[in-house]
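One structure is given below, encoded as structure tokens.
Just so it is clear, none of the values below were taken in a lab; they were calculated from the coordinates. A quick note: this is a predicted structure, and the numbers were derived from the prediction, not measured. Cβ sites come from the backbone with ideal geometry, for glycine too, and all protein chains shown count toward neighbours.
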Amino acid sequence: MSNFGDKSFSHASSAGKTTTYDASLRAYMLRVYNHMSVALGISGAVAFMVANIPALANLIFGTPLAWVVMLAPLGFVFFFSYKLNSISAQQAKKYLYIFAALMGLSLASIFLAYTAASVTRVFFITASVFGAMSLYGYTTKKDLTSLGSFLMMGLFAIIISMVVNIFLKSPALYFAISIIGSLIFIGLTAYDTQKIKQGYYQFAGNSELSNKMAVTGALNLYMDFINLFIMLMRLFGERR
């Protein structure tokens with residue numbers, strides 16, 4: 001009788017810990033998605049503002065400054081990665097939002113090139129696909145590590161192809177890049193979500209590091225969302 005009581009207490013205690021741990025994980029993931037949502041909002045607001053101020057749009061995209069705007073986000077990602085170990089979680093969050101603003105400047109070209117209706121439509125398509133794949137990455141028991149390695153190789157191939165097509169200007173290659181790129185970022189959404197979840201279990205005991213990793217995870221998901229959106233705009237967007 002005593003043994004039965006000990007086992008019951010042990011089981012209840014274990015269940016309580018699991019429930020608490022799962023609640024903490026959900027809170028962590030919610031923090032990641034909140035950071036990402038704020039970053040997307042900043043990018044959207046900046047892009048919309050630039051696209052609707054003709055003088056500003058002409059200054060950026062009608063001069064060599066356009067190259068600076070296009071390359072600045074890439075440079076900032078390298079800077080962010082370099083500084084990550086030496087900055088606080090609060091500073092990392094500020095850097096994320098600065099990066100989102102820089103990306104918004106670059107994304108203004110989409111608002112200028114495509115109709116507002118198609119931008120809105122593709123945004124909601126992107127949000128739906130992203131949400132479904134992120135949920136899959138969060139809930140699946142399958143280890144996506146090998147998929148991530150394959151997708152990263154595909155990503156590098158896409159980047160090289162995009163550079164080559166700047167000179168070739170091939171419509172067929174442009175279309176192929178858009179299709180394959182969409183599939184790659186769909187897969188990366190699931191992979192990065194699972195990686196963020198695993199990271200929580202690794203750093204859960206360190207509050208500062210956990211908060212910093214939440215920002216890093218938000219950056220990864222933000223990039224997945226933005227790049228998926230760009231690829232889908234190429235496929236389904238209606239040009240002005």
- line: D (µm²/s, integer) via Stokes-Einstein for the chain, Kirkwood Rh across alpha-carbon pairs, 20 °C, 1.002 mPa s: value 108
query: In degrees from 0 to 90, rounded to the nearest 10, what is the angle of the helix 65-83 Cα long axis to the longest principal axis of the chain?
result: 20
query: Full extension from A27 to N52: what is 0.36 nm times the residue separation minus their Cα-Cα distance, to one decimal in nm?
result: 5.3 nm
field: Most mobile listed residue (T115, T189, T216) in the chain, GNM with C-alpha springs under 10 Å
entry: T115
field: GNM flexibility winner over the chain from L155, L102, L56 (Cα, springs under 10 Å)
entry: L56
- line: Note: A204 to T120 extended length (0.36 nm per residue) minus current alpha-carbon separation gives 26.5 nm
- request: Tell me the label-point distance for the pair A72, S146, using the 7 Å Cα-to-Cβ offset, in nm and rounded to one decimal.
  value: 4.4
- request: Starting at the first residue of the range 26-42, write each ³J(HN,Hα) from the Karplus equation 6.51 cos²θ - 1.76 cosθ + 1.60 with θ = phi - 60°, in whole Hz, x for Gly and Pro.
  value: 4, 5, 5, 5, 4, 5, 4, 5, 5, 4, 4, 5, 5, 4, 5, x, 5
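To one decimal place, what orientation-averaged projected area in nm² is obtained for the convex hull of the Cα set of the range 55-177?
Spelled out: convex hull of the Cα atoms, projected over all directions, averaged, 10.8 nm².
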Sites matching trypsin sites (Lys or Arg not before Pro) across the range 147-218 that sit in DSSP coil, with at most 12 neighbouring C-beta atoms within 10 Å: K169
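With only Lys, Arg, Asp and Glu charged, each at its Cβ (+1 for the first two, -1 for the last two), find how big the charge dipole of the range 2-236 is about the Cα centre; round to the nearest 20 debye.
Once rounded to the nearest 20, the dipole reads 100 debye.
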field: In degrees, nearest ten, helix 116-139 long axis to first principal axis of the chain (Cα)
entry: 30
query: If you line up the long axis of helix 89-113 against the longest principal axis of the chain, both from Cα atoms, how many degrees apart are they, to the nearest 10?
result: 40
message: What Kirkwood Rh does the range 142-237 have if only Cα atoms enter the pairwise 1/r average? Answer in Å.
response: 14.6
